[in-house]
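Asks: Have a look at this one before I ask anything.
Read the figures in this text as sums done on the coordinates, not as results from a lab. Model, not experiment: these values are computed from the prediction. Cβ atoms come from the backbone with ideal geometry, glycine included; neighbour counts cover every protein chain shown.
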Amino acid sequence: MSIATGNKTLGLSPLERRLLNDFQHGLPLVPRPYAAMARRLGVSETEVIATLRRLAERGAVSRVGPVFRPNRAGVSTLAAMAVAPEDLERIAAIVSGFAEVNHNYEREHEYNLWFVVTAPDAAALREVLARIEAATGHALLELPLLEDFHIDLGFELEWT
Amino acid sequence: MNDPAPLCVALLDDTDRALINATQAGLPLVPRPYHALAAQLGLDAGEVMARFRRLQATGVIRRLGAVPNHYRLGYTANGMSVWDVPDDRVAELGRAVGALDFVSHCYERPRHPPRWPYNLFAMIHARSRDEVEDRVAQIAALLGAADRGHAVLYSTAILKKTGLRIAPPAAGGGRRAAG
């Protein structure tokens, strides 16, 4: 994936920036939400839709839609493993191969493999964690969310 | 094992689950997205909107809107900062850290001493490691003596990232570089 080193390289227009920054939450629940956004922005509905499509095609927007809170639509936990560097690629592939794993990151630390496991209920989650440990031969650190302190209104993007 | 209490899972019916799975990749970018979704699921648009409203009210959906791709926008340094703070102050300190505008997620998680002493996680997205370090220093200053130790774990590769699926499960996931 090519990574922009600053926002300037993406050459975002003022409308693109406002759509990205001001509409991370509060998408109107009305029959024509993009028309409602267009009225607030002083542009046309067609322009809002075309601009969102362009942002999605360029990868600046992952999607326009709901962001789910962990543990509310199924049960999930963050898990970490300490894997020998030469073995990391193999173990990571085994972990990623589990359909219940929806994020898997390599991080710089003794615990270098970090992933999220989601299951329909607590018993199913326990069972999957045990299968991952058996398949990898590695014990995992189980780090379920105990308390969420962040009020998620999106993320303030800086354009400098 | 520390079981998260999935009280709200019981409140989701099959239609909610279908709606959640159908919107993993986002809403359709057409003039009437809720109608399009309704047609796809065999519902009416009013019910789709009512369900979204209820899922937001019950906290299943935390927000509805544009989801920026931080990496693509130049926020290539992703630092997971982890902190060992006194248990009796974690709620108060977590709220203070979670309110910082550069923190995108802030959670309490169980510690596993001695190898993993940390109980507070704050995710920092920034444009460089220097910027992450600067923000870590701001959190350390905010915590003061309550910071009994911390670490910053940078991601070096995203090995898999897929949307949440409740059922049926999705497979796959390639390797891609991260900041």
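Asks: Angle between the Cα long axis of helix A:122-136 and the longest principal axis of chain A, 0 to 90 degrees, nearest 10?
Replies: Once rounded, the angle reads 70 degrees.
Asks: Follow-up question, since we're still on this one. Taking a ≥ b ≥ c as the square roots of the eigenvalues of the Cα gyration tensor of the range A:75-143, is the shape rounded (a/c under 1.5), prolate (a/b larger than b/c) or oblate?
Replies: Values: a/c = 1.89, a/b = 1.68, b/c = 1.12.
Since a/c reaches 1.5 and a/b is larger than b/c, the shape of the range A:75-143 is classed as prolate.
Asks: Taking the beta-carbon count within 10 Å as an exposure proxy, list A:150, A:109 from fewest neighbours to most. If you can, show how the numbers build up before the last one.
Replies: Details: A:150 19, A:109 16.
Lowest to highest Cβ neighbour count: A:109, A:150.
Asks: Hey, another quick one. Please find the FRET efficiency linking residue A:90 to residue A:146, where r is the Cβ-Cβ separation and R0 is fixed at 30 Å, and quote it to the nearest 0.05. Let's see the in-between values first.
Replies: Numbers: r = 32 Å, r/R0 = 1.06.
Rounded to the nearest 0.05, the efficiency is 0.40.
Asks: Averaging sequence separations of C-alpha pairs under 8 Å and six or more residues apart, then dividing by the length of chain A, give the relative contact order as a whole percent. Kindly include the intermediate steps, with their values, before the conclusion.
Replies: Numbers: 161 pairs, mean separation 36.9, N = 160.
For chain A, the relative contact order is 23 percent.
Asks: Turning to a different aspect of this structure: Relative contact order for the range A:11-57 using alpha-carbon pairs under 8 Å, separation at least 6, rounded to a whole percent?
Replies: 33 percent
Asks: Another question, if that's okay. Going by how many other beta carbons lie within 10 Å of each one, how would you line up A:81, A:37, fewest first? Please report the intermediate quantities before stating the final value.
Replies: On the way: A:81 20, A:37 24.
Lowest count first: A:81, A:37.
Asks: Among rounded, prolate and oblate, which fits the range B:14-57 when a ≥ b ≥ c are the square roots of the eigenvalues of its C-alpha gyration tensor, a/c under 1.5 means rounded, and a/b larger than b/c means prolate? Intermediate results must be reported in sequence, preceding the final value.
Replies: Values: a/c = 1.36, a/b = 1.26, b/c = 1.07.
Note, shape of the range B:14-57 comes out rounded.
Asks: If you don't mind, there's one more thing I want to ask. Pick from A:96, A:76, A:62: which residue has the top mean-square fluctuation in a GNM of chain A where Cα pairs under 10 Å get a spring?
Replies: Evaluated over chain A, the most mobile residue of the options is A:62.
Asks: Continuing with this model, one more query. With a/c under 1.5 counting as rounded, go ahead and sort the range B:1-103 into rounded, prolate or oblate using the C-alpha gyration tensor (a ≥ b ≥ c being the square roots of the eigenvalues; past the cut-off, prolate if a/b is larger than b/c, else oblate). Each step should come with its number before you reach the end.
Replies: Values: a/c = 2.82, a/b = 1.58, b/c = 1.78.
Oblate, since a/c reaches 1.5 and b/c is not below a/b.
Asks: What is the diffusion coefficient of the range B:109-162 in µm²/s, taking the Kirkwood radius over Cα pairs and the Stokes-Einstein relation at 37 °C with a viscosity of 0.692 mPa s? List each step's numbers first, then the result.
Replies: Numbers: Rh = 13.0 Å.
So the translational diffusion coefficient is about 253 µm²/s.
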